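Scroll down for the structure; my scribbles are underneath it.
Derivation of every value follows stated rules applied to the coordinates shown; laboratory data play no part. Treat the numbers as computed from the prediction; the structure is a model and nothing was measured. In this analysis, Cβ positions are derived from the backbone assuming ideal geometry, glycine residues included, and neighbour counts consider all displayed protein chains.
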Amino acid sequence: MTWEWDVIWKYFPRLLEGAWLTMELVLISGLIGIALAIPLALMRASKLPWIKALPFTYIYFFRGTPLLVQIFLVYYGASQFEVVRESFLWPVLKQPYWCAIIAFSLNTAAYSAELFRSAIQAIPVGEIEAAEAMGMSKNVQIRRIIMPRAFGIALPAYGNEVILMLKGSALASTITLLDLTGMARTIIARTYTPLEMFLAAGVVYLAISALIIALFRFMEYRFNRYQYYHHADTPADLDPQLRDPHIDQK
Amino acid sequence: MDLQGFGHLLISGTWVTIQLALSSLLVGLVFGLTGAAAKLSKNPIARWLATGYTTLVRGLPELLLVLTIYFGGSQLLMWIAGSFGYTEYIEIGPFVAGVAALSIAFGAYATEVFRMAMMEIPQGQWESGLACGMSRSRTFFRIILPQVWRLAIPGLGNLFQVLLKDTALVSVVGLNDIMRQSQVAISSTKEPFTFFMVAACIYLLLTAATTAFTMFMERAANPAARGNRG
């Protein structure tokens with residue numbers, strides 16, 4: 001076996017083109033996914049059983065089936081129906097790009113809805129009660145207290161979800177898209193250097209995950225700043241009347 | 001729903017999927033336990049290797065792993081075998097490639113689950129094992145492992161669900177699993193939605209069965225929580 005570095009260098013720019021499409025898919029479907037997940041999570045956290053039922057079924061279906069089935073259902077499945085083929089949606093649904101985005105968005109919406117729901121339910125009851133005591137209506141509570149707090153709580157888990165989405169986006173190559181994996185497969189079909197090309201693609205995937213992890217660390221630092229505060233040491237000669245026992249303990 | 005006589009094909013595909021998932025689970029558990037042992041060992045090289053393994057594999061798409069092992073694996077194996085003087089052609093089938101890729105991916109996540117579970121066991125249990133005259137390995141298998149098992153089951157259950165869904169990826173390299181067989185059925189019936197929906201429902205049934213089994217295992221591994229209220 002010979003290891004061909006030349007092939008890697010020669011085709012690396014093509015791989016980066018693929019990486020660009022991968023990131024585009026993750027970003028667009030991530031944003032649509034969040035937009036879908038928030039109402040789903042709010043419905044799922046409701047106490048009324050008939051409101052809970054719809055998101056529950058949706059989430060159960062999308063978390064219980066492989067992403068590959070979901071992509072194929074959108075890409076190949078939609079064409080089974082005459083109604084779809086003749087509707088205004090067909091120009092969108094016949095393109096693999098939009099099918100991948102639809103499937104990824106629906107999939108990540110189900111997973112993120114569960115994350116957001118557990119975050120909503122993890123908000124200390126006292127904070128909601130305090131908001132109620134201030135006379136906030138349910139809508140104002142959701143907008144001012146529940147959403148910002150749930151966002152901060154869900155952030156680390158949502159970072160993991162984005163990494164999983166990045167890994168899932170490799171499935172776009174199964175419906176002829178030239179994402180990072182698809183590009184690597186195309187190059188391999190031409191050069192027959194599977195180990196070299198897949199290794200190079202793997203390195204690019206790792207670099208993108210490292211980027212995502214760094215981004216989420218930074219966001220966590222920004223949005224959960226209260227966890228990173230350090231109190232200045234209390235001066236030893238401070239008037240005892242002014243001392244705060246909570247701060248002194250630390 | 002009319003399956004037009006393709007039901008038996010889907011059932012045979014389901015059987016292949018189950019075999020693939022269970023084989024990968026078994027091999028993956030070995031990888032996970034080894035990885036966790038290496039991560040907690042005193043040997044810095046073992047720790048370094050295990051950290052490298054989990055970091056790398058958890059950042060790579062499972063599909064890429066499947067493709068690499070299927071298309072690159074025989075090349076790699078022949079190169080290794082060639083250096084020992086064996087020159088015959090070695091071919092890796094889709095099933096073996098699938099088990100290898102899925103168990104490597106499962107093992108990387110399972111390493112973390114086992115490591116967390118092992119860290120939950122108080123140091124005193126190791127010490128009392130030694131005080132009773134057991135060797136370190138005997139303490140591990142008699143005292144530590146049964147408890148690690150109990151702590152690890154919920155995490156492993158989730159990972160197995162992920163594994164079960166990832167088996168669909170092996171159809172890309174031609175394994176006759178549920179996905180592949182539905183595609184075969186579709187190519188002659190031209191009803192993609194019907195058959196992919198049936199495939200989705202089979203996967204839902206499998207994951208539901210896994211959830212039920214995990215809950216049963218959790219109860220079985222935790223006699224203390226069941227209590228004697230009977």
Discussion item. Let me make sure I get this right: for region B:18-175, a, b and c are the square roots of the gyration tensor eigenvalues over alpha carbons, sorted descending. Under 1.5 in a/c it's rounded, otherwise prolate if a/b > b/c, else oblate. Which is it?
Written reply: prolate
Worksheet entry | Net dipole in debye of the protein assembly as shown [+1 Lys, Arg Cβ; -1 Asp, Glu Cβ; about Cα centre; nearest 20] | 780
Discussion item. Sequence gap of 8 or more, or different chains, plus Cα separation below 26 Å: how many lysine pairs satisfy both in the protein assembly as shown?
Written reply: 10
Discussion item. Based on DSSP loop calls and a cut-off of at most 14 other Cβ atoms within 10 Å, the longest stretch of chain B free of exposed GluC sites (Glu not before Pro) is what?
Written reply: B:92-230
Discussion item. Below 8 Å between Cα atoms, with a sequence gap of 6+, how large is the relative contact order for region B:18-175 in percent?
Written reply: 35
Item to complete: Would you mind working out the magnitude of the charge dipole of region B:18-175 relative to its Cα centre, with +1 at each Lys and Arg C-beta and -1 at each Asp and Glu C-beta, to the nearest 20 Debye?
Response: 580
Worksheet item: In what order do A:TYR60, A:TYR76, B:TYR109 fall by count of nearby beta-carbon atoms within 10 Å, going from fewest to most?
Response: A:TYR60, A:TYR76, B:TYR109
Worksheet item: ³J(HN,Hα) across region A:217-227 via Karplus (A = 6.51, B = -1.76, C = 1.60, θ = phi - 60°), whole Hz, x for Gly/Pro?
Response: 4, 5, 5, 4, 4, 6, 8, 10, 4, 4, 7
Discussion item. Just to confirm the number: angle between the C-alpha axis of helix B:73-83 and the first principal axis of chain B, 0 to 90 degrees, nearest 10?
Written reply: 60
Worksheet entry | A:ALA45 long-range amide H proximity, modeled H, under 5 Å | none
Item to complete: Classify chain A as rounded, prolate or oblate from the Cα gyration tensor: take a ≥ b ≥ c as the square roots of its eigenvalues, call it rounded if a/c is under 1.5, otherwise prolate when a/b beats b/c and oblate if not.
Response: oblate
Worksheet item: Rounded to the nearest 500 deg cm²/dmol, what is the calculated helix-only ellipticity per residue at 222 nm for the protein assembly as shown, with -39500 (n - 2.57) per DSSP H run of length n ≥ 4?
Response: -24500 deg cm²/dmol
Worksheet item: So who's got an amide H within less than 5 Å of the one on B:LEU60, skipping anything under 5 residues away but keeping other chains? H placed 1.01 Å off N, in plane.
Response: none
Worksheet item: Taking every residue in A:58-71, how many Cβ atoms of other protein chains lie within 10 Å of its Cβ, on average?
Response: 6
Discussion item. Would region B:121-170 count as rounded, prolate or oblate if I go by the C-alpha gyration tensor, calling it rounded below 1.5 in a/c and otherwise prolate when a/b exceeds b/c, oblate otherwise?
Written reply: prolate
Worksheet item: Mind listing the phi-derived Karplus ³J(HN,Hα) values for region A:169-180, rounded to whole Hz, using 6.51, -1.76 and 1.60 with θ = phi - 60°, and x for any glycine or proline?
Response: 5, 4, 5, 4, 5, 6, 10, 6, 7, 9, 7, 3
Discussion item. Counting other beta carbons within 10 Å of each residue's own, what order do B:VAL148, A:VAL83 fall into, fewest first?
Written reply: A:VAL83, B:VAL148
Discussion item. If each residue of separation counts as 0.36 nm, what is the full-extension length gain between B:ASN222 and B:GLU88 once their alpha-carbon separation is subtracted?
Written reply: 43.1 nm
Fill in: Virtual spin-label span in nm between A:VAL203 and A:LEU27, 7 Å along Cα→Cβ
2.4
Response to the item:
The answer for trypsin sites (Lys or Arg not before Pro) in region B:38-116 that fall in a DSSP coil and have at most 15 neighbouring Cβ atoms within 10 Å is B:LYS42
Discussion item. Run the simple label-point estimate for A:LEU238 and A:MET219 please: 7 Å along Cα→C-beta, distance reported in nm.
Written reply: 3.6
Worksheet item: Which of the listed residues, A:LEU40, A:ALA131, A:LEU215, is farthest toward the dipole's positive end in chain A, when Lys, Arg count +1 and Asp, Glu count -1 at the beta-carbon?
Response: A:LEU40
Practice prompt. Find the Rg to Rh ratio for the protein assembly as shown, where Rh is the Kirkwood radius over alpha-carbon pairs and Rg uses the same atoms.
Written response: 1.01
Discussion item. How tilted is helix A:96-122 with respect to the longest principal axis of chain A? Cα atoms for both, answer in degrees (0 to 90, nearest 10).
Written reply: 20
Discussion item. I'd like the orientation of helix B:192-220 relative to chain B: the angle between its Cα long axis and the longest Cα principal axis, in ° from 0 to 90, rounded to 10.
Written reply: 20
Practice prompt. Would you kindly derive the ³J(HN,Hα) couplings of region B:154-160 from the backbone phi angles with the Karplus curve 6.51 cos²θ - 1.76 cosθ + 1.60 (θ = phi - 60°), listing them in order in whole Hz, with x for Gly and Pro?
Written response: x, x, 5, x, 4, 5, 5
Discussion item. Which residue, A:PRO91, A:ILE102, A:LEU115, has the largest displacement toward the positive end of the dipole of chain A when charges sit on each Cβ (Lys, Arg +1; Asp, Glu -1)?
Written reply: A:PRO91
Practice prompt. Once every Cα of region A:1-123 carries one equal point scatterer and solvent is ignored, give the base-10 log of I(q)/I(0) from the Debye formula at q = 0.12, 0.17, 0.22 Å⁻¹, two decimals.
Written response: -0.60, -0.94, -1.19
